[in-house]
Amino acid sequence: MPAKKSSGKPAQAASACASPAGCFMKWATRAVIAFVVYLTCSFLDRIKDRWYVFTPESLHELAQAAVRAHPGDINSIIPYIVSNLTTEYSPSVIALNPNSSEWVLNNAGGAMGGMYIIHASITEYLIIFGTPLGTEGHTGMHTADDYFNILVGEQWAFDPPKLEMEVYRPGEVHHLPRGHVKQYKMHEGCFALEYARGWIPLMLPFGLADVFSSTLDYWSFYHTVRITARENIRNLLIGKI
Ligand SMILES: *[C@@H]1O[C@H](CO)[C@@H](O)[C@H](O)[C@H]1NC(C)=O
Ligand SMILES: *[C@@H]1O[C@H](CO)[C@@H](O)[C@H](O)[C@H]1NC(C)=O
C-alpha cells in the first residue's frame, strides 16, 4: 500500500493547516496584513498632494503660451518651456533638468517615441514626449493623473463606447484620469508636454516592461533609469518627494 507514504505534496498540504486553530491563525494573519496594506495605501493616497509643486493649470497656460509664441516649431517651443520653468521655480523647491539634448527612446503600450525628462520625482513627472513619425498604442492603466498638453501635431484618442475619435490640437490638454484607459495615436508627428501626478513609481513598470518583453533595448533602458534616478535623487536632496 504505497498511498500513505507517497511524495511530499499531501504531507505539505496537511502540515500547512495542521489544526482548525492553526488554520484560523493563518487566515487571520493574512487578513490583518491585507488590512494594514490597505490602510497604508489609502493613507499614502491621501497625503500625496502635499508634495505637488506644479499645477495642471499653470502647465497648461505655459504650454499654450509656448504654442502661441512658436506655432508648429517644436525646436523653439521646448527651450521656451524650459527657460520659463527654470525662471519660475527656485532650485530649492524643485529640481529640473535643463539639458534638452537628453532624449531617450521609449516603447510602452505598443507606442514608440522619444522623451526628454524635465522633472522626475516620486509624486510628479514632467516630460516632452513625441515622435516626428507618428505612433499609436494603449495609454496604459495608471495610478496617476495624466495631463497631455499638445505642443505640435495632433493626438487622437478612442474611448469606447464613444465611437467618434477625440482630437487634441496644439494648446489643448488631454486629461487622462487615473484608472482610465484609451487607445491613442500621436498623428503624423506630434509632441506633447506630459505631466503626471500621483505615486509615479507605480507607473514605471508600464514605461519599462517592453524592454524585457519586446525591444531588448538595454541601452535606452540604462539611460532612462540613470536619468530618472539622478533626477529623483536631486529632488530628494532638497526635500521634494
Ligand atoms: C511662464 O509662463 C507663464 C504662463 O504663460 C507666465 O504667466 C509666466 O509669466 C512665465 N514666466 C516667465 C518667467 O517667463
Ligand atoms: C546634455 O545631454 C547630452 C546627451 O546626453 C550630453 O551629451 C551632454 O553632455 C549634456 N550636457 C550637459 C551640459 O550636461
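Just so it is clear, none of the values below were taken in a lab; they were calculated from the coordinates. Predicted model, so just to flag it, every value in this text is computed and none were measured. When we count neighbours, we look across all protein chains shown, and the Cβ atoms used for this are built from the backbone with ideal geometry, even at glycine.
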Inset, instruction - For His138 paired with Phe158, estimate the spin-label separation in nm (one decimal), with each label point 7 Å from Cα along the Cα-to-Cβ line. - result: 1.4
Inset, instruction - Express in nm, to one decimal, how much length is gained between Asn99 and Met165 on full extension, taking 0.36 nm for each residue of separation and deducting their alpha carbon distance. - result: 20.2 nm
Legend entry - Residues Ser90 and Thr215, FRET efficiency given R0 of 35 Å [Cβ-Cβ distance, rounded to 0.05]: 0.35
Legend entry - Label-point separation in nm, Asn75 to Leu204, each point 7 Å along Cα→Cβ: 3.5
Inset, instruction - Let me know the number of lysine pairs in the chain closer than 28 Å at the Cα, not counting same-chain pairs under 8 apart. - result: 7
Legend entry - Residues with amide H under 5 Å from that of Val152, placed H, sequence gap 5 or more: Phe191
Legend entry - the chain: relative contact order as a whole-number percent, Cα under 8 Å and 6+ apart: 21
Inset, instruction - Go through 155-162, 108-115 and give me the packing order, highest mean Cβ count within 10 Å leading. - result: 108-115, 155-162
Legend entry - Cα pair distances exceeding 34 angstrom across the chain, given as percent: 29
Inset, instruction - Please give the contour-minus-distance gain from Asp49 to Cys23: 0.36 nm per residue of separation, less the Cα-Cα distance, rounded to one decimal in nm. - result: 5.3 nm
